[in-house]
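Here the structure comes first, spelled out in structure tokens, and everything after it is commentary.
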Amino acid sequence: MQSKIDKFTIPIGPQHPALKEPGHFEFSVDGEIVTDASVRLGYVHRGIEKGTEGRNWVQSLYLLERICGICSHVHATAYCLGVEKLAGVEVPPRAQAIRVLVAELERVHSHMLWLGVAAHEAGFDTLFMYSWRDRETVMNLLEGITGNRVNYSANVLGGVKCDISAEQDEAIRQGVDFLEERTRHYLEVVTSDMMFLRRTRGVATTPKAQARELGLIGPTGRASGISHDVRVDAPYAAYDIYPVKLITATAGDLEARFIVRINELFESYRVIRQILDTLPEGELTVRMPRRIKEGETVSRVEAPRGELFYFIKSNGTDTPERIKVRTPTLPNMASVLVLAIGHQLADIPMILTGIDPCFSCNDRMVVVKDSGGDNRAMTWEALRQYGIEYYR
Amino acid sequence: MNLIRGFATTIKHVFEEPVTIQFPEEERPVRERFKGRHALKRYDNGLEKCIGCSLCAAACPADAIWVEAAENSDEARYSPGERYARTYEINMIRCIFCGYCEDACPTEAIVLEHEYRLSFNDRVDAVYTKDMLIDPVPPGGQDTPQVTEPGKFTRSIPEMKDPD
């Protein structure tokens, strides 16, 4: 009991300059060394899963695409693949290839974004600025293909909306060539800059056994030697035609996570070029039924952060009965709490950024601590009226 | 050695053009497919394309659109066919700019245009009314309501070419 009183707790969040999104962390420290950590999530819960139950299949697609602002395309892909499987619809090969193409461009943009954010947390703002400047290249490519920088709406149920024209083909090739050269430079920077290595090498080291115990997925897990990638293990869309090489490292520290993510960029460039070289001709969409056959299915895709999981249940009507989403940040979040112990408090932002967290994606539920006993249940109408009165 | 290479990068970039732009003065062009603020379109003669069918409001995943229809007559004609939109409101705070209203529209009346500077001081200001959304009358056209000869505009949905 005595030791509990002695310990000093530092609360961080929900609103804190070091956090890009709201989450609440409590770190117990002994001097500078973290001895205990806990997290509370759910501040950006938006009720999207429930929202889909009142909307039809196409409307839900647009809603689900907005779960994540960075990896919106993988959400739409996971949902579309699941619904198409339920409906028994075969999507044309050209559409599947374009889905993969946009997914890989999105992975490039997400990893470049992460590289910048992680460099910023390490205090290396020059790398942050340069990597984000180069990221504009891929953002422009995505805007050229789909019209938007984020929330591309490239997918529709039964295919894709956008085609790749000859000019876009050329623009993508040029952009990818430029990015590949820059990425080679960044790989050299993160593996040779001494100042930067002191923030990454040997920090948050996760051996393979521990990574398996914590259930790490995505590039975070692959940096610890876990050979798991949905694109390789269970190829979806056109990944069986355009296979991806699995990239792993063994060190398991932050440096390995940098190396894995940057090497994944090279793999993405290769796949993008391969798709452009052998893009099959044909239709972009097939006709989807308005009502989806009764049944339930599971759909998995590899998001830039790891495995994205969708459970879709249909009861034969034009609205989904239940959609459950699990985003890759949730399994990785536990590792932050375990790995933080024994590190200095100053390393915490780096350890947290190391898993590439996306808070608002993973907030699937919210727990309201009702200590005062003021238990107010409101109907939808009453809540709506309250909102109108509040903003009057 | 690293130090020299680092400063070489800095010096190289001193002589390069800046990649940032001074936003309100300078603007970056958006792409063809960009989805920004909506516009309600008109025919060349000035009649409104919107026929007040509310399909966009039904399609909207965010319930951002509110349409109220009224009857056309040959003395006061707003659009071809029987009905026109008397009230057409889009709540820009609710709108998620997905473009499903465009897909739902049978007359291609609503189009997501390239205007993206949408900011408001008040939530009420975010509700765009029909006057704010509708395109200006094209040259040679006539503002609505028009007086038209009977029997000419009986068809709500025009003959349209297939989309490219």
Worksheet item: For the stretch A:297-319, which residues satisfy the criterion of being crowded, with 24+ Cβ neighbours inside 10 Å and outside any strand (DSSP E or B)?
Response: A:P304, A:R305
Discussion item. Would you confirm whether or not the stretch B:121-130 contains a residue that is away from every other protein chain (no Cβ under 14 Å) and free of Cβ contacts under 8 Å to residues at least 40 places away in the same chain?
Written reply: no
Worksheet item: Got a sec? Which of A:R322, A:R291 is part of a strand (DSSP E or B), over 10 Å from A:G82 (Cβ atoms) and not acidic (D, E)?
Response: A:R322
Worksheet item: Among the residues of the stretch A:203-230, how many are open to solvent by less than 10 Å² (accessible area, probe 1.4 Å) and either assigned to a helix (DSSP H, G or I) or not assigned by TED's automatic domain parsing to the domain that holds A:A103 (or both)?
Response: 7
Fill in: Test result for A:V366, modelled with pLDDT under 90 and not in a helix (DSSP H, G or I)
yes
Worksheet item: Between a first residue in the stretch A:131-147 that is within 7 Å of chain B (Cβ to nearest Cβ) and a second residue that is of a type in the set (F, W, Y) and open to solvent by less than 10 Å² (accessible area, probe 1.4 Å), which pairs have beta carbons less than 7 Å apart while being 6 or more apart in sequence or on different chains?
Response: A:T146/A:Y152
Worksheet item: Which of the following residues is under 30 Å from B:A104 (Cα atoms) and of a type outside the set (A, V, I, L, M, F, W, C): A:G158, A:G215, A:G221?
Response: A:G158
Worksheet item: Within the stretch A:75-102, which residues are closer than 20 Å to A:L276 by Cα and either touching a strand residue (DSSP E or B) at 6+ places or on another chain (Cβ under 7 Å) or open to solvent by 10 Å² or more (accessible area, probe 1.4 Å) (or both)?
Response: A:T77, A:V91, A:P92, A:P93, A:R94, A:A95, A:Q96, A:I98, A:R99
Discussion item. Consider the stretch B:55-73. How many of its residues are open to solvent by less than 40 Å² (accessible area, probe 1.4 Å) and either under 30 Å from A:G47 (Cα atoms) or within 13 Å of chain A (Cβ to nearest Cβ) (or both)?
Written reply: 9
Worksheet item: Which of the following residues is touching a His at 6+ places or on another chain (Cβ under 9 Å) and within 11 Å of chain A (Cβ to nearest Cβ): B:V19, B:V30?
Response: B:V30
Discussion item. Suppose we keep only residues that are of a type in the set (A, V, I, L, M) and open to solvent by 60 Å² or more (accessible area, probe 1.4 Å) within the stretch B:114-164. Which one would you say is modelled with the highest pLDDT?
Written reply: B:M132
Worksheet item: Conditions: (1) out of contact with any Gly (no Cβ under 8 Å at 6 or more places or on another chain); (2) over 12 Å from B:L47 (Cβ atoms); (3) assigned to a loop (DSSP other than H, G, I, E, B). B:P158 meets all but one. Number of the miss?
Response: (2)
Practice prompt. Taking only the stretch A:242-288 into account, find how many residues are open to solvent by 60 Å² or more (accessible area, probe 1.4 Å) and part of a loop (DSSP other than H, G, I, E, B).
Written response: 8
Discussion item. Could you check the stretch A:199-225 and list, in sequence order, the residues that are at positive phi and of a type outside the set (A, V, I, L, M)?
Written reply: A:G202, A:G215, A:G218, A:G225
Discussion item. Of all residues being more than 14 Å from chain B (Cβ to nearest Cβ) and among the β-branched types (V, I, T) in the stretch A:50-74, which is surrounded by the fewest Cβ atoms within 10 Å (Cβ to Cβ)? Just the residue, please.
Written reply: A:I70
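The values are calculated or read from the model by the stated rules, or taken from the named source; none is laboratory data. Quick caveat, the model's predicted, so the values are computed rather than measured. Here the Cβ is made from the backbone with ideal geometry for all residues, glycine too, and neighbour counts use every protein chain on show. Ligands, DNA and RNA are stripped out before the accessible areas are found, and what is left, the full protein with its side chains, is counted by its heavy atoms. Shrake-Rupley method; radii C 1.70, N 1.55, O 1.52, S 1.80 Å.
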